[in-house]
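The values are calculated or read from the model by the stated rules, or taken from the named source; none is laboratory data. If you're wondering where the values come from, they're calculated on a predicted model, not measured in any experiment. Every residue, glycine among them, receives a Cβ derived from its backbone with ideal geometry; neighbour counts consider all protein chains shown.
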Amino acid sequence: MAEDLRVGFHRELEEIDQKVVQLFALVSEGLSAATDAFLAGDREAAKQLIDRDKVIDSLYVDVEEIVYRQLATQSPMAGDLRFLLSVLRIVPELERSGDLAEHIAARAARGVASALTPRIRGLVEQMGLVGTEMWRMAADAYAERDGAAATELNERDDELDELHVSLTAELVSGQLTVPIALEMALVARFYERLGDHAVNIGERIRYIAAGSLSG
């Protein structure tokens, strides 16, 4: 009986891991597609991304339910406990990041991108590229339990922050109408927050790998 319980426990650990990997893929792919949809004003692609956010929400709930059940019934120890506690911190970051990508995609339907200057379009495109690279890096780090990736994620986040500053400077220069500038300020903030969430996850991966949150 005890052996059956342990087998079930490890099977559910694998299920959690697979669902988290799926969440990473949905967020990184969604961010790339959201940037493309926004810049192209592609309403159909934006709608598909908004609908796909429901999948992220469902996976998030599934993972939390399994983790809480494991904590309540299995008394996990050492590495298993560290993994489960870290997942409880990681999946909200994934869910919020999915929401942020959805918010970017939603602006496609409003025709915001058609009013942008070439310089602002270029900055948005670059923020999308850096953000997507960060999320792919975070996904790989999770899959490989690469705690060292946290440092590189911090460095890429600095790059994203610099782009955010540059975009903000363009927005306050008066080249856009006030409503469009306000929408773009939100979009810039969404990208900046996506970078922050990736950095936070990098720290949790470091904890899974090494049992520490800094270093």
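Within the range 153-167, the residues that satisfy the criterion of being touching a residue at least 24 places away in the same chain (Cβ under 8 Å) and either farther than 20 Å from Val27 by Cβ or not hydrophobic (A, V, I, L, M, F, W, C) (or both) are Asn154, Arg156, Asp157, Glu159, Asp161, His164, Ser166, Leu167.
Determine whether Val199 is surrounded by fewer than 18 Cβ atoms within 10 Å (Cβ to Cβ) and either β-branched (Val, Ile, Thr) or in contact with a strand residue (DSSP E or B) (Cβ under 8 Å, 6 or more places away or on another chain) (or both). Against the criterion (surrounded by fewer than 18 Cβ atoms within 10 Å (Cβ to Cβ) and either β-branched (Val, Ile, Thr) or in contact with a strand residue (DSSP E or B) (Cβ under 8 Å, 6 or more places away or on another chain) (or both)), Val199 does not qualify.
Just one of the numbered conditions (1) touching a Lys or Arg at 6+ places or on another chain (Cβ under 9 Å); (2) over 26 Å from Arg204 (Cβ atoms); (3) small (Gly, Ala, Ser) is not true of Gly122: (1). Taking each residue of the range 95-121 that is surrounded by 19 or more Cβ atoms within 10 Å (Cβ to Cβ) and looking for partners that are not in a helix (DSSP H, G or I) with beta-carbon atoms closer than 7 Å, six or more apart or interchain, yields Ala108/Gly41; Ala108/Asp42; Ala113/Gly41.
Among the residues of the range 164-215, just one is more than 24 Å from Ile90 (Cα to Cα), touching a Gly at 6+ places or on another chain (Cβ under 9 Å) and either hydrophobic (A, V, I, L, M, F, W, C) or at pLDDT below 95 (or both), namely Ala181. Residues of the range 173-192 that are over 16 Å from Glu133 (Cβ atoms), of a type in the set (D, E, K, R) and under 17 Å from the mean Cα position of the chain (by Cα): Arg189 alone. Annotation note: of Arg110, Arg89, the sole residue that is modelled with pLDDT of 95 or more and of a type in the set (Lys, Arg) is Arg89. Check whether at least one residue in the range 49-69 is loosely packed, with under 15 Cβ neighbours inside 10 Å, polar (S, T, N, Q) and more than 30 Å from Tyr191 (Cβ to Cβ), and report yes or no. Scanning the range 49-69 turns up no residue that is loosely packed, with under 15 Cβ neighbours inside 10 Å, polar (S, T, N, Q) and more than 30 Å from Tyr191 (Cβ to Cβ). Taking (1) touching a helix residue (DSSP H, G or I) at 6+ places or on another chain (Cβ under 7 Å); (2) in a helix (DSSP H, G or I) in turn, Pro76 satisfies each apart from (2).
Filtering Ile50, Ile120, Ile16 for residues that are modelled with pLDDT under 90, part of a helix (DSSP H, G or I) and aliphatic (A, V, I, L, M) leaves a single hit, Ile50. For the range 158-187, name all the residues that are surrounded by 15 or more Cβ atoms within 10 Å (Cβ to Cβ) and over 24 Å from Val199 (Cα atoms). Answer for the range 158-187, where residues must be surrounded by 15 or more Cβ atoms within 10 Å (Cβ to Cβ) and over 24 Å from Val199 (Cα atoms): Glu170, Leu171, Leu176, Ile180, Ala181, Glu183. Consider Ile66 carefully, then state whether it is over 20 Å from Asp99 (Cβ atoms) and touching a residue at least 40 places away in the same chain (Cβ under 8 Å). Against the criterion (over 20 Å from Asp99 (Cβ atoms) and touching a residue at least 40 places away in the same chain (Cβ under 8 Å)), Ile66 qualifies. Here is the figure for the range 123-151: residues that are in a loop (DSSP other than H, G, I, E, B) and either under 28 Å from Arg43 (Cα atoms) or touching a helix residue (DSSP H, G or I) at 6+ places or on another chain (Cβ under 6 Å) (or both) total 2.
Selection of the range 80-94 for residues being in contact (Cβ under 8 Å) with a residue 24 or more places away in the chain and under 20 Å from Ala150 (Cβ atoms) yields Arg82, Phe83, Leu84, Ser86, Val87, Leu88, Arg89, Ile90, Val91, Pro92, Glu93, Leu94.
From Tyr60, Tyr68, which residue is touching a helix residue (DSSP H, G or I) at 6+ places or on another chain (Cβ under 6 Å) and among the hydroxyl-bearing types (Ser, Thr, Tyr)? Being touching a helix residue (DSSP H, G or I) at 6+ places or on another chain (Cβ under 6 Å) and among the hydroxyl-bearing types (Ser, Thr, Tyr) holds for just one of Tyr60, Tyr68, which is Tyr60.
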